[in-house]
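Beneath this line is the structure, given in structure tokens, with notes to follow.
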Amino acid sequence: MVHITGNKLRRLAATIVAGACVALGFGGSAQAGSDIAGKKVIFVPISMGISLTEGWARRMKEHAAVYGYSFDIRDAAFNTGAMSELLAKAISEKPDVLVVHNPTVQLLARQIKQAESQGIKVLQLNLQSNQPSNAFVGANWTRIGNDIAEDIVKECGAGSGKSGKVAIIPGQLTAADSVMMNDAAFKVFKEHPEINVVSNQASDWEPEKARQITATVLQQNPDLCAIFGHWDVHTIGAGNAVKDAGLEDKVLVYATGGGDTVTCKAIEDKVLDRVWSYDADGQGRDAATVVDLLLQGAQSSDGSMLTVESPLKIIKAGPDYDPSLCWKM
Amino acid sequence: MADQAQLQPVRGRRGRRNLLEVIVLAVTLALIPGFATLGNLKVILSNSASLVMLSCGMAVVIISRGLDLSIVAEMVAGATTFSILIGAGVAAPVALLLTVAVMIMLGFLNGWLIAYVEIPAMLATLASAMLITGLFRFGILRGEYLLLLPKTDPAVVFLSGNVFPGLTVPVALMGATLLATWVLLNLSAAGHTVYAMGDNFQAARLTGLPVRRVTIVVYVFAALTALLAGLVTSAASGTVDFRTVTNGTLLFEVILVAVLGGIPLRGGRGGLRNIVIGIALIAVLRNGMTLLNFTAQTQDVLKGLVLVTAIVADNYFNPRDIETDTVGDL
């Protein structure tokens with residue numbers, strides 16, 4: 001059994017382990033393979049069919065194939081009711097590891113606790129629940145919210161000559177990323193009274209809703225300085241509203257996302273300006289590595305959640321634009 | 001004479017209701033800063049274009065005593081078909097013709113299930129909504145839920161552009177849909193049959209009206225309005241998004257427009273004026289709530305309250321006629 005001491009397994013450790021797995025695993029002779037072959041892993045994403053989850057699943061499938069454990073996907077297809085049922089079914093099958101992608105901080109909390117009480121290890125991927133589990137791999141939303149807010153202050157705040165008006169477009173107000181990014185951003189904005197958040201309305205992750213909100217907000221605030229969209233997919237709708245209003249050179253459109261080639265295309269098309277990418281491909285590799293470790297019995301010494309924070313890539317339009325920062329499925 | 005005497009109070013109450021709606025609108029206009037501007041009016045029109053198109057289709061269906069729960073699924077299916085075709089390099093006019101053919105088939109399927117297989121409209125269209133969503137999302141898009149459209153594509157540029165300065169293509173298509181709805185309901189034989197079916201379906205059938213064929217016409221018309229809505233929406237946002245069907249509240253808003261506009265869910269009454277009133281109220285409500293920075297959840301609560309109020313009012317103004325009600329009616 002691998003026993004990891006320390007409170008948190010941070011990025012460095014994950015990178016080293018991931019590197020070791022790649023070096024050993026893809027040669028087909030990994031030591032771990034003999035220990036974990038035949039075990040069962042179930043992944044319950046919010047929805048397949050998006051680069052984020054497809055990218056994660058690709059890497060996890062690769063590891064499962066190399067080490068000989070099974071890897072099943074239960075696609076909730078953006079239906080939260082179905083997701084609870086799928087997770088209940090997955091728990092009843094008693095897998096060795098469950099990988100869950102929480103749509104909100106509360107929805108799956110009870111089931112995560114139930115799974116762990118039955119000895120099933122739970123890895124939460126990118127979006128946390130209120131309920132801690134064995135491990136979490138994903139973005140540090142507080143850091144992203146803080147960094148984007150500071151960048152907005154730099155671009156729109158005192159001395160910038162801009163209005164300081166900002167529109168925030170979360171996905172869902174109860175989703176972990178939206179909760180944490182908004183908390184962090186508002187902490188920064190509170191120290192800068194010149195920043196005026198004129199709108200903070202969730203788009204339900206839908207580009208068309210984001211477009212309609214943005215069109216209305218731009219009409220009321222034609223001197224808007226920046227839009228902070230919490231996910232690049234729905235922020236594309238907001239960016240298109242900015243472009244349709246002919247304001248793409250005046251309004252900065254910020255987003256976060258998995259950073260695949262669609263993101264870079266949106267930046268090239270002047271639909272998005274700055275994207276904080278958490279590199280879904282890298283996250284997939286990290287998640288696969290943590291699954292391998294959990295299958296081998298890894299746990300923190302004090303029972304707290306092992307945490308692997310995803311490194312960030314900042315993709316910016318302009319002279320520093322670098323398309324190589326985006327990954328291709 | 002006796003009939004006319006009975007109708008007078010209903011007309012009077014309807015008049016008062018419309019007056020109430022106008023007062024609500026006026027108060028909203030006065031209270032919200034930035035609302036009463038020409039620019040905001042343009043935004044309201046642009047944001048409402050797809051809702052108007054869908055509501056026209058739904059209104060015709062409801063007046064015929066039906067309900068089309070698949071209209072949003074058809075909208076996304078139409079946009080998907082068109083987008084895939086233009087993405088594959090098919091010329092836009094050919095792609096449009098092929099998409100129209102697909103939509104006619106979908107509308108025909110609904111009409112056939114209701115008119116010939118005699119499945120209640122609500123169940124038939126609920127089933128077809130699931131079938132269409134599943135078929136397009138998993139059969140055609142292979143699990144993808146989102147299709148991105150390049151804003152540089154000439155068809156997308158046209159659909160999100162201007163007919164001439166001041167009149168956008170979505171607004172022009174919205175006007176065309178309203179006109180087509182008015183012509184269908186008021187100037188065509190099918191339109192008169194639609195009202196007769198809604199008023200008393202059995203009587204319409206017994207008098208020899210072609211209720212089955214007209215049912216198919218009604219659902220094909222709804223599918224075509226859904227296509228227009230899909231084209232306008234996807235061109236504006238640069239995406240075709242299946243969550244509009246699975247998670248969105250658009251279907252709720254489409255039904256809300258009809259009920260709020262005063263079209264009774266048991267059919268037989270209503271027209272263009274009702275659609276326009278319903279749209280105006282919903283569009284003002286949506287725009288006002290966005291301007292007031294209400295959260296999505298608060299907006300849903302308010303819209304739900306408005307729908308409940310509208311349904312209660314509908315029951316009061318249009319009491320159920322037990323002589324013409326049949327099993328399966330709403």
Which one of these is in a helix (DSSP H, G or I), in contact with a Pro (Cβ under 8 Å, 6 or more places away or on another chain) and of a type in the set (A, V, I, L, M, F, W, C): A:233, A:262?
A:233
Looking at (1) at pLDDT below 95; (2) away from chain B (no Cβ under 14 Å); (3) more than 17 Å from the chain's Cα centre (by Cα); (4) closer than 22 Å to residue A:239 by Cα, find the lone condition where residue A:177 falls short.
(3)
Can you find even one residue in the range B:233-240 that is away from every other protein chain (no Cβ under 14 Å) and of a type in the set (S, T, N, Q)?
no
Here the residues within the range B:241-264 that are buried (at least 24 other Cβ atoms within 10 Å of the Cβ), within 7 Å of another protein chain (Cβ to nearest Cβ) and not in a helix (DSSP H, G or I) are B:241
Any idea which residue in the range A:180-205 is surrounded by the fewest Cβ atoms within 10 Å (Cβ to Cβ), counting only those that are in contact with a Lys or Arg (Cβ under 6 Å, 6 or more places away or on another chain) and facing chain B (nearest Cβ under 8 Å)?
A:198
Any chance residue A:146 is of a type outside the set (D, E, K, R), over 14 Å from the mean Cα position of the chain (by Cα), surrounded by fewer than 23 Cβ atoms within 10 Å (Cβ to Cβ) and within 23 Å of residue A:276 (Cβ to Cβ):
yes
Within the range A:206-215, considering residues that are without any contact (Cβ under 8 Å) to a residue 40 or more places away in the chain and within 24 Å of the chain's Cα centre (by Cα), the one farthest from the other protein chains (Cβ to nearest Cβ):
A:209
Of all residues being over 18 Å from the mean Cα position of the chain (by Cα) and either more than 8 Å from chain B (Cβ to nearest Cβ) or in contact (Cβ under 8 Å) with a residue 40 or more places away in the chain (or both) in the range A:223-238, which is surrounded by the fewest Cβ atoms within 10 Å (Cβ to Cβ)? Just the residue, please.
A:223
With respect to the numbered conditions (1) over 18 Å from residue A:271 (Cα atoms); (2) out of contact with any helix residue (DSSP H, G or I) (no Cβ under 9 Å at 6 or more places or on another chain), which one is the sole condition not fulfilled by residue A:288?
(2)
Can you work out which of the residues in the range B:273-284 that are within 20 Å of residue B:47 (Cβ to Cβ) and away from chain A (no Cβ under 14 Å) is modelled with the lowest pLDDT?
B:281
Residues of the range A:38-94 satisfying the condition of being of a type in the set (Lys, Arg) and farther than 29 Å from residue B:148 by Cβ:
A:39, A:40, A:89, A:94
Could you check the range B:103-206 for helices (runs of 4 or more DSSP H) lying wholly inside it with 2 or more residues that are within 14 Å of another protein chain (Cβ to nearest Cβ)?
B:121-134, B:154-159, B:169-187
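The values are calculated or read from the model by the stated rules, or taken from the named source; none is laboratory data. Predicted model only: the values in this text are computed from it and were never measured. Positions of Cβ are generated from backbone atoms using ideal geometry, with glycine treated the same way; all protein chains shown enter the neighbour counts.
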